[in-house]
Amino acid sequence: MFITLEGIEGSGKTTQIKTMAQWLTAAGRDCLTTREPGGTPIGGQIRSVLLHPDNSDLTPTAELLLYVADRVQHLETVVRPALAAGKVVVCDRYFDATLVYQGYARGLDKDMIRQLHQLACEGLTPDLTLLLDLDPEAGLARAWRRIDSDTAHEMESRFEKEKLLFHQRVRAGYLDLARREPRRFAIIDATADMRVVRAQIESTLEAYFKRRPSTIE
C-alpha cells in the first residue's frame with residue numbers, strides 16, 4: 001500500500017510521518033517511510049540543488065525535470081521494491097506536489113506534467129493521500145520558527161523564500177486536486193495542535209483500512 005503526505009511549507013508533514021509509522025507498526029504493518037525529493041543518495045544530491053536558496057535562477061522547466069529525475073530513481077530503488085515486498089510505503093510528498101508547485105504555482109502546463117509522470121514513472125498513483133491543510137501565512141510562520149530553532153547547517157529553502165501569493169496558489173492547487181479525487185484524498189486540519197492532527201490522521205487511517213480489508217491481508 002502506498003500512502004503520501006502533502007501540504008504547504010510548515011504543514012507538519014515531517015513530524016506526522018514519524019507518528020504515522022509508529023501507528024502502522026503498532027498495528028502490525030511493515031512500514032517504510034521516505035520522502036521526495038531526497039529519498040535516495042542520488043536524490044539527496046538533487047534535493048540540495050532544488051532547495052538551495054542560491055539557486056534562485058533555476059528555471060521552472062529545469063526544476064520540473066530535476067524532480068522527475070529524483071522520482072524515477074526513488075521509485076525504482078526504494079518505493080517499488082518495498083511495495084513488492086508487501087510493505088506499506090509512506091512518502092513525504094509525491095507527484096501531487098510536482099503538479100501543484102510546478103503546475104498550479106509556477107504555471108507550467110498541467111497536462112504536460114501528468115504525461116511526463118505517466119511516461120517516466122508509469123503513472124504510479126498513491127492508494128491514499130493525506131493533505132495537511134492550513135493557511136499559508138500560518139504555515140510560513142511555522143517554517144520560519146523551525147529555521148530559527150534548528151542547527152546552524154539548516155537554511156531557508158528556495159520555496160520558503162517565495163512570496164505569499166506563490167504559497168496561496170500551492171494551497172489552492174492542493175485543494176483543487178482533493179476536490180477532483182475525493183476517494184484518494186483526505187483533508188487533515190493542520191491548524192490544530194500536533195496531537196489533534198495526529199488523532200485525525202490515525203482516525204483516517206483506521207477508517208481507510210476498515211474500508212479496504214484486502215490491503216491488510
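Any read-out appearing in this document is the output of simple, stated calculations on the displayed coordinates, not a laboratory observation. Values in this document were obtained by computation on a predicted structure and should not be read as measured data. Because the Cβ atoms are built from the backbone with ideal geometry, glycine has one as well, and the counts that use them run over all protein chains shown.
Quick look at the numbers
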| quantity | calculated |
| --- | --- |
| Relative contact order computed over the chain (Cα-Cα under 8 Å; 6+ residues apart), in percent | 31 |
| Span-like helix ranges in the chain, DSSP H, alpha carbon extent 15 angstrom or more, Kyte mean at least -0.5 | 13-26, 41-51, 60-74, 110-121, 164-180, 194-211 |
| Cα-based reach from Lys87 at 28 Å (exclusive), listing lysines while leaving out same-chain residues under 8 positions away | Lys13, Lys18, Lys210 |
| GNM flexibility winner over the chain from Gly44, Gly173, Gly12 (Cα, springs under 10 Å) | Gly44 |
| Among Leu119, Val196, Pro53 - extreme Cα towards positive end, dipole of the chain, charges at beta-carbon | Val196 |
| At most 12 other Cβ within 10 Å, DSSP loop - trypsin sites (Lys or Arg not before Pro), segment 36-88 | none |
| Linear extension gain, Asp57 paired with Arg114, 0.36 nm per residue minus alpha-carbon span | 18.1 nm |
| Cα gyration tensor category, rounded, prolate or oblate, for segment 1-109 with a/c compared to 1.5 | prolate |
| Shape category assigned to segment 2-216 from the gyration tensor of Cα positions, a/c cut at 1.5 | rounded |
